[in-house]
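As structure tokens, the structure follows; a few thoughts come after it.
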Amino acid sequence: MNDAVRLRKTLEGVPAYKPGKPAAPVEGVTAYKISSNENPNPPLPSVLAVVAEAAESMNRYPDMAVTRLTSALAERFEVPTTHIATGTGSVGVLAQLINITCEPGDEVIYAWRSFEAYPIVVALAGATSVQVPLDADAAHDLPAMAAAVTDRTRLILVCTPNNPTGPHVTDAALRQFLESVPHDVLVVVDEAYLEFNTAADAPDALAIYREFPNVAVLRTFSKAYGLAGLRVGYAIAREEVATALRKAATPFGVSDLAERAAVASLEAYDELEVRVKALVDERERVLTVLREQGWPVPDTEANFVWLPLGEDTLDFAAACQERGLTVRPFPGEGVRVSIGETEANTRLIEVAGEFRNR
Ligand SMILES: *Cc1c(COP(=O)(O)O)cnc(C)c1O
């Protein structure tokens with residue numbers, strides 16, 4: 001008798017998420033984890049204080065409507081509160097976005113390679129991934145994505161800047177794309193790295209959401225705001241979409257700690273912005289030197305760089321690990337390296353230079 005419990009068949013097609021590994025200690029050097037695009041700065045004292053205070057009431061459920069954060073976001077971005085939906089990180093909101101749009105077998109289009117969570121959340125919902133290869137510059141091929149739309153397409157994910165390769169989608173290209181796809185297909189602009197994007201032609205996603213009713217803007221407190229461990233993200237979209245997202249949310253998913261930290265971080269953004277600018281400067285330094293060393297690094301507007309190493313990917317990751325740097329290898333394709341502490345970035349440059357001259 002087969003007594004195994006019956007699990008959904010769909011699960012067999014769900015890839016496992018490979019988290020960035022923790023930094024591994026190496027004799028005599030400080031180890032750095034530059035594999036998960038985290039903010040290397042510790043929380044602001046003002047944010048820590050708010051979280052410590054909130055911890056005193058963790059015997060209580062949080063506010064299920066996430067009222068304070070929703071109001072703070074509405075005020076900051078000048079959008080109605082009814083257009084905002086929060087969730088357990090933007091990955092949580094992403095799962096909600098798929099759940100509100102896709103029946104089993106419906107299609108979700110996104111570029112590939114892109115964010116690793118995409119195939120997982122799509123498959124878990126029983127929907128079908130349609131992956132459109134990046135172009136020769138490791139950027140989204142928006143015309144090819146538009147051409148991939150079928151009657152079954154319910155959602156399109158545009159990741160700008162793209163994780164893990166770095167290039168952004170321009171405002172003009174995104175608008176042209178939106179003109180060319182059916183207006184009943186929801187287009188999600190995943191702006192996890194928005195704050196690091198200094199390109200003059202970066203999309204104004206909020207202006208675009210105001211013009212195109214089928215756009216949802218997805219954002220997070222995990223990267224520039226430095227709250228990855230607290231799990232809070234949000235979407236800004238038309239009321240029908242935002243209301244559906246709230247229905248699909250995990251009840252009480254956003255903790256009181258996360259909500260208060262997010263509100264305090266919005267208030268302290270001037271202070272955080274200084275840190276973001278410093279990371280952008282470091283990114284430019286790393287990018288320039290790597291290119292001088294001869295690496296064909298694609299443009300990046302995020303807090304990471306992409307080294308297209310192909311078959312050498314795992315060797316390079318091992319060379320980094322020997323020097324105390326934990327990076328993110330994608331076997332056979334390349335390595336993504338987060339911009340971290342200045343010493344980590346400098347060491348990365350050294351290892352990369354040595355690797356090229358090996
Ligand atoms: C890091 C990242 C997120 C944010 O995930 P959270 O769940 O908010 O921590 C979303 N999208 C992309 C493309 C990312 O790289």
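Among the helices of the chain (complete DSSP H runs), which have Cα atoms covering no less than 18 Å along the helix axis and a Kyte-Doolittle mean of at least 1.0?
89-101
Could you work out the relative contact order of the chain, using alpha carbon pairs under 8 angstrom and six or more residues apart, expressed as a whole percent?
RCO, the chain: 24 percent.
Tell me whether the stretch 31-113 comes out rounded, prolate or oblate; compute the Cα gyration tensor, take square roots of the eigenvalues as a ≥ b ≥ c, and use a/c under 1.5 as the rounded threshold.
Since a/c reaches 1.5 but b/c is at least a/b, the shape of the stretch 31-113 is classed as oblate.
What percentage of the solvent-accessible surface of the chain, computed with a 1.4 Å probe over protein heavy atoms, is contributed by carbon and sulfur atoms?
Carbon and sulfur atoms account for 53 percent of the accessible area of the chain.
Just to confirm, what accessible area per residue do you get for the stretch 45-267 at 1.4 Å probe, in whole Å²?
Ligands and nucleic acids excluded, the figure is 40 Å² per residue.
Based on Cβ point charges of +1 for Lys and Arg and -1 for Asp and Glu, what charge dipole magnitude is obtained for the stretch 45-267 about its Cα centre, in debye rounded to the nearest 20?
Charge dipole, the stretch 45-267, about its Cα centre: 500 debye, nearest 20.
Answer rounded, prolate or oblate for the stretch 180-296, using the Cα gyration tensor with square roots of eigenvalues a ≥ b ≥ c: rounded when a/c is under 1.5, else prolate when a/b is larger than b/c, else oblate.
Cα axes put the stretch 180-296 in the oblate bin.
What percent antiparallel are the DSSP beta bridges of the chain, to the nearest 5?
Here the share of antiparallel DSSP bridges comes out near 45 percent.
Whole number please: convex hull volume per residue, Cα atoms of the stretch 45-267, in Å³.
Looking at the stretch 45-267, the number lands at 115 Å³ per residue.
Show 140, 168, 183 ordered by accessible area, largest first, where the area counts protein heavy atoms only and the probe is 1.4 Å.
Correct descending sequence by accessible area is 183, 168, 140.
Could you sort 58, 145, 64 by accessible area so the largest value comes first, with the probe set to 1.4 Å?
Output order, biggest surface exposure first: 58, 64, 145.
The values are calculated or read from the model by the stated rules, or taken from the named source; none is laboratory data. Just so you know, these numbers come straight off a predicted model, no measurement behind them. As a convention, Cβ positions derive from the backbone with ideal geometry for all residues, glycine included, and neighbour counts pool all protein chains shown. Each accessible area value is taken on the protein alone, full model and side chains, heavy atoms only, with ligands, DNA and RNA left out. Shrake-Rupley method; radii C 1.70, N 1.55, O 1.52, S 1.80 Å.
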